Structures are given as structure tokens and as C-alpha cells.
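Below is one structure, written out as C-alpha cells, with a few remarks after it.
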Amino acid sequence: MRRGFRIALPNGLVGDPLVVVRVPWLPRVLLLDAGDAAGLTPRTLLDAADVLISHPHVDHVFGLARLLRVRLGRPERPLRLLGPPGLAARVRSHLGGYSWNLVEAFPLDLTVVEIHPDRTETWRFPTSAGFEPYAVGRGPAPDRAPVLADELLEVRAAPLDHGGIPSIAYRVEERRGLQVDPAEVGRMGLAPGPWLGELKAAVRRGAPEDEPLALPDGGTAAVGALRDRLLRVTEGDTLAYACDATPSESNVAALVALARGVRRLVIEAHYLDADLDLARRNAHLTAAIAGRVAREAGVDAVMPLHVSPRYEERVDAVLAELAAAAAPAAVETP
């Protein structure tokens, strides 16, 4: 079955953690962590609707500065950040480093969801007149309910330990897979584009069969007719993400439970198992442990990232160790 999510690692296997997840046919991007974002285009930064942050070490959040810079003055592009406790205050501190005497000219639609062990807290930032966040609600503990849920995606979270601070792992599920038949689009004489995303959105919200949808040739067609001709309903895609965690049995158990049965696990493989003592000291997973999580969770494929620079000339050894431990799960690389 074709995967719905398209995944890219702009910084490669060794650079800052930053995963770009695209939802086909929709102008929506999900970012997993926000390391150095210099390689992302302004369009990608504008399309990023949600950023799932594991923890606030600099290599995981350095790119937020560029993301926020692009989004200033674009309130029609809401941005939501999810991450560990204290994230709203950290974002406020970042914005507080600048002068905002002309703030009315730079509105920002920004929401922060903090994931605590026993609850979630949602914070909003004013669109103008300063950027002091204010609490707007609380939700249940992350082990009881999704931390994000809309008509397209559902996200669950599991706090892990990373050397004494929380690092959040995530499970992302597409609620319903709606695949476009490109051959049929061509037979209709139409070009692919944002209108196909609008069609999917209309189907997901249960639009009336006769609701008109604008076509790229200037005409319109009923949503029901377009759905029957162009869309194929499939099982939604799934992925799990974990980056930076102490190599403990409790973390492994939590990760296996979170990632159970997903199609793709994106996970750090920071050290070789020969350097397990170093991994314990610095609170990172080894490639062998990452592979074990993939195997025990029964995932289809595992994609490594955040390989230590000490192996920059030996990345193949890291991949080989991951593959041996993960089998029969396949290993994917960018």
C-alpha cells in the first residue's frame, strides 16, 4: 500500500534533527523538531502548520527563529507548537529579545501546547500589541487522549527521560487516507494543484454531494461526483518519532508501546552499541537499541537520524547495526 506521508531530512543523518512530513495534495507540512532550518524554503516554512518538539536543546529548536521570522505578518497562516513543559515561556523569551514598537505591523497567529505528565496546557500568543502568552485551556494527560486531533491528523505523545529532562516522543496517524488517482485527473484534462486538497477537505468534513468545487480550468463540479471519480479511500498512514532518550528499559518499553504497528519509525541512532557507556553518559540511543524498538514494535520501516558526528566517516556501520537489530523491518535513508 502506498504511503501517504512524504518524509525528508533536510539536515541529513548527522545534522540537527529536523524532519519535514508532507501530506500529499495538501499545502500542509508537519515538522518534527526544529533544528537548523537554513535549508528549508520559505514556502515550506509557510506551509508548516504544526511543529512537534521533543525537547528544547539548541540543536532541536534553533530553527524556530527562522520559522517565526517567516510567519510574522502572516496571521492567515496559523502556527501551532507542541512540546514539553515550559515551551511557551521559552518562545516568549525568544520573542522578548527583539524590539516591537511596530508590532501592529507584524501580527502572528501562534498557539503552544505544552505536554505535561498529567495534563496538556494550551497557550495563545496575542496576534498584536505584544507577545505575552496567556493560558486558554487544559486537556487530559497524554496517556489518556491525543495531544492534537483535527479532521486530518491525530497525534499522541509519550514523555521519555533524556538525562533528567523530558523528551517527548510522538505518534502521528492520518485519520483517513484519500489517495488521488492522477491518471483520472489527466483524463479529465485537469492539472493537479491545491484544488485536490480542497476536494479532500470537503470529503473529510462530509460536504453535501452537490456542493460545487472550483476546478483549475475555471469550471465547477459536484464534490460527490469528483470524489467517486478521483479519490480512493485507503488506510491512513502512520509514523512515530523519537529523538534523544536515555537508553533505559523504561524508555524502550514506552517507545515500543507508542510505535506499535506504525508503518514508519523515525528514531535517533546516535551511537554504535560498542559505545553504549557513552550513550548512557550522554542519554542517547544506540543504533542497536533503535533497531530493537523497531523490531519489537512491529513497524514496517525505520528511518534513522541524529547520528553522532563521531561516525560521519562510518555512517554505513551505524546503518548496518540498525538493520541487523531491526530485521525484518526495512531501513530507509533520505
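Values in this text are rule-based calculations from the coordinates and carry no lab data. Remember, predicted model here, so these are calculated numbers, not experimental data. Cβ atoms come from the backbone with ideal geometry, glycine included; neighbour counts cover every protein chain shown.
Hey, what do the phi angles of the range 215-227 turn into as Karplus ³J(HN,Hα) couplings, whole Hz, using 6.51/-1.76/1.60 and θ = phi - 60°, x for Gly and Pro?
With coefficients 6.51, -1.76 and 1.60, one gets 9, x, 8, x, x, 9, 8, 6, 4, x, 5, 5, 4 Hz.
Tally the DSSP beta bridges in the chain and give the antiparallel ones as a percent, rounded to 5.
Numbers: 41 of 65 bridges.
Beta bridges within the chain, antiparallel portion: roughly 65 percent.
Dividing the convex hull volume of the Cα atoms of the chain by its residue count, what figure in Å³ per residue is obtained?
Details: hull volume 49.6 nm³, N = 334.
That works out to 148 Å³ per residue.
Viscosity 1.567 mPa s, temperature 4 °C: give me the Stokes-Einstein translational D for the range 12-107 in µm²/s, with Rh taken as the Kirkwood radius over C-alpha pairs.
Details: Rh = 13.9 Å.
The Stokes-Einstein estimate is 93 µm²/s.
Which whole number in µm²/s is D for the range 230-295 by Stokes-Einstein, with the Kirkwood Rh taken over Cα pairs at 4 °C and 1.567 mPa s?
Values: Rh = 12.7 Å.
For these conditions, the coefficient is 102 µm²/s.
Using a simple charge model, +1 on the beta-carbon of Lys and Arg, -1 on the beta-carbon of Asp and Glu, nothing else, what dipole does the chain show about its Cα centre, in debye to the nearest 20?
Numbers: 38 positive and 43 negative charges, 88 e Å.
The dipole magnitude comes to about 420 debye.
Can you give the FRET efficiency to the nearest 0.05 for Arg205 and Glu249, using r as the Cβ-Cβ distance and R₀ = 45 Å? Display every interim value, and only then the final one.
Working: r = 44 Å, r/R0 = 0.97.
Computed FRET efficiency for Arg205 and Glu249: 0.55.
What are the semi-axes of the equivalent ellipsoid for the range 177-234, taken as the square roots of 5 times the Cα gyration tensor eigenvalues, largest first, in whole Å? Present the calculation step by step, with values, prior to reporting the outcome.
Values: eigenvalues 49, 39, 18 Å².
In descending order, the three semi-axes are 16, 14, 9 Å.
Highest mean first, what order results for 91-99, 139-147 on Cβ atoms within 10 Å?
On the way: 91-99: 13.1, 139-147: 15.8.
Ranking the peptides 91-99, 139-147 by packing returns 139-147, 91-99.
Highest GNM mean-square fluctuation, the chain, Cα pairs closer than 10 Å: which of Ala287, Ala297, Ala253?
Highest fluctuation among the options: Ala253.
Along the charge dipole of the range 177-234, which of Gly197, Thr220, Thr234 sits closest to the positive end, that is, farthest toward it, with unit charges on the beta carbon of Lys, Arg, Asp and Glu (+1, +1, -1, -1)?
Of the candidates, Thr234 comes out farthest on the positive side.
Take every DSSP beta bridge whose two residues both sit in the range 1-69, then give the antiparallel share in percent to the nearest 5.
Values: 7 of 11 bridges.
Counting only bridges with both partners in the range 1-69, antiparallel ones make up about 65 percent.
Mind listing which GluC sites (Glu not before Pro) in the range 139-230 are in a DSSP loop and have 13 or fewer other Cβ atoms within 10 Å? Kindly include the intermediate steps, with their values, before the conclusion.
Numbers: sites: Glu151, Glu154, Glu173, Glu174, Glu184, Glu198, Glu209; in loops: Glu151, Glu209.
Those that pass, being in a loop and sparsely packed, are Glu151, Glu209.
Beta carbons within 10 angstrom, averaged per residue: use that to sort the peptides 118-126, 76-84, 267-275, highest first. Each step should come with its number before you reach the end.
Working: 118-126: 16.7, 76-84: 19.1, 267-275: 23.1.
Packing order, densest peptide first, comes out as 267-275, 76-84, 118-126.
Work out the FRET efficiency for Val136 and Arg176 from their Cβ-Cβ distance, taking R0 = 41 Å, and round it to the nearest 0.05. Don't jump to the answer; show the numbers that get you there.
Working: r = 28 Å, r/R0 = 0.69.
After rounding, the FRET efficiency stands at 0.90.
Could you go through the range 206-213 in sequence order and give the Karplus-derived ³J(HN,Hα) for each residue, using 6.51 cos²θ - 1.76 cosθ + 1.60 with θ = phi - 60°, rounded to whole Hz, and x for Gly and Pro?
Working through the residues one at a time gives x, 4, x, 4, 9, 5, x, 10 Hz.
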